[in-house]
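Input: a single structure, listed below in structure tokens.
The values are calculated or read from the model by the stated rules, or taken from the named source; none is laboratory data. Keep in mind that what you see is a predicted model, and the values were worked out from it rather than measured. Ideal geometry is used to build each Cβ from the backbone, glycine not excepted, and the neighbour counts take in all protein chains shown.
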Amino acid sequence: MPTEYSGSGDPQRTIDLLWGVHRRRRGPRPSLSGEQVVTTATGIADQEGLGRLSMRRLADELGITAMSLYGYVPSKAELLDVMADRAYAEITFSGSPATPWQEKLTALAGQHWDLLLAHPWLLQIAASRPLLGPGVTAFYDAELAAVDGLGLTGIDMDLIVSLLDDYVRGAARGAVEAAQAQAHTGVSDQQWWQTYGPLLAEVLDPARFPTAVRVGAAAGAEYGAAHDPARSFKFGLRRVIDGIEAFMPEAST
């Protein structure tokens, strides 16, 4: 999957589009709303992948000319930022102040996981430069609020949120890649193992790889041939939360 980079468009236009700042521009009054443009673009990316989204394709889908489309958004770079930020606005969490911080972070991580599986193209946008729109800012604020007032420094709060987000993105990437592999090859995990398992057994020496053979057999008996990304995600998330809890100041645990 080719990687896109947030913040690659015109800075002023990007911020204006993200935050709904309207500046007077010459030309005829637009016939569509900006939200229609973003919603249509998101639909194309969801159904066909980010690689199939182009300004010309989007214009055709909207029933306007490519030149008209540039009146709404100057290029694909700004469009991707707005699409991603609007997607993150789908995450909501309204836990009460009494809700334990562990439950708050777990709920937010779960929603983040669901979002990335619903919009897998988000994983093609590099996370090294944060999106600077209201959707992502609200999500970041909710994550920070979950660990606020626990005796942590601001830097530690930010590092905890980054750790959690990195884990969710990594786990979601694995789940998306597994789904894409099946869609691309037409072969399920179970079918793949039914073919390769017997072949591997012929060459795999238990004396050379005793631990791998023993644990692999146990895992196969427990889980079956098909890997369960959701189960792995929940297991890993619990361990991440445990690690964060161990790091917390003693007075807050």
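So that you can scan it fast, the table gives a plain yes or no per residue for (1) closer than 29 Å to residue 153 by Cβ; (2) at pLDDT below 90; (3) in contact with an Asp or Glu (Cβ under 8 Å, 6 or more places away or on another chain):
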{"residue": "185", "(1), (2), (3)": "no, no, no"}
{"residue": "199", "(1), (2), (3)": "no, no, no"}
{"residue": "208", "(1), (2), (3)": "no, no, no"}
{"residue": "223", "(1), (2), (3)": "no, yes, no"}
{"residue": "231", "(1), (2), (3)": "no, no, no"}
{"residue": "234", "(1), (2), (3)": "no, no, no"}
{"residue": "238", "(1), (2), (3)": "yes, no, no"}
Check residue 148 against each of (1) in contact (Cβ under 8 Å) with a residue 40 or more places away in the chain; (2) part of a loop (DSSP other than H, G, I, E, B) and name the one condition it does not meet.
(1)
It is to be established whether one or more residues within the range 124-147 are touching a helix residue (DSSP H, G or I) at 6+ places or on another chain (Cβ under 7 Å) and of a type in the set (D, E, K, R).
yes
Does any residue of the range 158-181 turn out to be acidic (Asp, Glu) and more than 27 Å from residue 129 (Cα to Cα)?
no
Filtered residues of the range 55-67 (kept if out of contact with any helix residue (DSSP H, G or I) (no Cβ under 7 Å at 6 or more places or on another chain) and either in contact (Cβ under 8 Å) with a residue 60 or more places away in the chain or of a type in the set (A, V, I, L, M, F, W, C) (or both))
64, 67
Restricting attention to the range 129-145, which residues are of a type outside the set (A, V, I, L, M, F, W, C) and in contact (Cβ under 8 Å) with a residue 24 or more places away in the chain?
129, 130, 133, 134, 135, 143
Checking the structure you have, find out if any residue of the range 63-77 is assigned by TED's automatic domain parsing to the domain that holds residue 44, polar (S, T, N, Q), more than 21 Å from residue 173 (Cβ to Cβ) and part of a loop (DSSP other than H, G, I, E, B).
yes
Looking for something surrounded by fewer than 21 Cβ atoms within 10 Å (Cβ to Cβ), within 30 Å of residue 234 (Cα to Cα) and in contact (Cβ under 8 Å) with a residue 12 or more places away in the chain - is there at least one such residue anywhere in the range 68-80?
no
I need a count of the residues in the range 6-21 that are touching a Leu at 6+ places or on another chain (Cβ under 9 Å) and over 14 Å from residue 86 (Cα atoms).
3
Restricting the range 47-67 to residues that are among the acidic types (Asp, Glu) and under 26 Å from the mean Cα position of the chain (by Cα), the one surrounded by the most Cβ atoms within 10 Å (Cβ to Cβ) turns out to be 61
Can you pull out the residues in the range 181-191 that are free of Cβ contacts under 8 Å to residues at least 24 places away in the same chain and either outside any helix (DSSP H, G or I) or surrounded by 10 or more Cβ atoms within 10 Å (Cβ to Cβ) (or both)?
181, 182, 185, 186, 187, 191
Looking only at the range 193-216, decide whether some residue is of a type in the set (Gly, Ala, Ser), closer than 30 Å to residue 14 by Cα and surrounded by 12 or more Cβ atoms within 10 Å (Cβ to Cβ).
no
Mind checking whether some residue in the range 109-125 is loosely packed, with under 15 Cβ neighbours inside 10 Å and outside any helix (DSSP H, G or I)?
no
